[in-house]
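Encoded as structure tokens, the structure appears first; notes follow it.
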């Protein structure tokens, strides 16, 4: 072992010495003020699918993380117009409103397509098509913008975003409200530096495997819904 090796690895490590060897030197970082910035390595396509809880939660976590670095983020939700078990204003909407650089839209229709909850399936279809058109508009705006530069945090999303979350778009395909080709065409139009996050679907979106850079299955082992526990405020909405 060289002198350099021995100096970097204590012979008798203690909690204090171990903390000193971490990247942060054992010091808890303090939060910086959020200033507009541009990501250096964005431009991948992510897909989150599966029958487990956490797909939207994971995508929102990435959205807040990116916004915390000053990147411009937009969340566009398909099929989440609400139900009798979910309040119209959800926790993420309140949180998004308090963070600069992140915005959201909900294009869903009341109820859930195919669940016989009294909602109009034709209206679900129309809302899904409208959401797709809105996604295409935002992607086109990103293609026209310079995503290597900071973007105004309060600018309209069609003026450019660094990260776009299309929540439940994959479930809209699974339900037959959109076609696989609709999503693939959207990916073809996505500019080089736009990070695109797609969520939804209990069925594996095999049509994305050649185009997506990250595909994650969120698998259910157990879910409170199976025990009759409905959506809870602060965890599901």
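With R₀ set to 45 Å, the beta-carbon distance separating residue 35 from residue 222 gives a calculated FRET efficiency near 0.60. A simple spin-label model places pseudo-atoms 7 Å from Cα toward Cβ; at residue 123 and residue 188 they are separated by 3.4 nm. Per-residue Cβ neighbour counts within 10 Å put 207, 104 in the sequence 207, 104, beginning with the fewest.
The length gained by stretching the chain between residue 154 and residue 202 to full extension, at 0.36 nm per residue less their Cα-Cα distance, is 13.8 nm.
The numbers here are math on the coordinates, done by the rules we state, and not lab data. Here the structure is a predicted model, which means the values were calculated and not measured. Backbone-built Cβ (ideal geometry, glycine too); neighbour counts: all protein chains shown.
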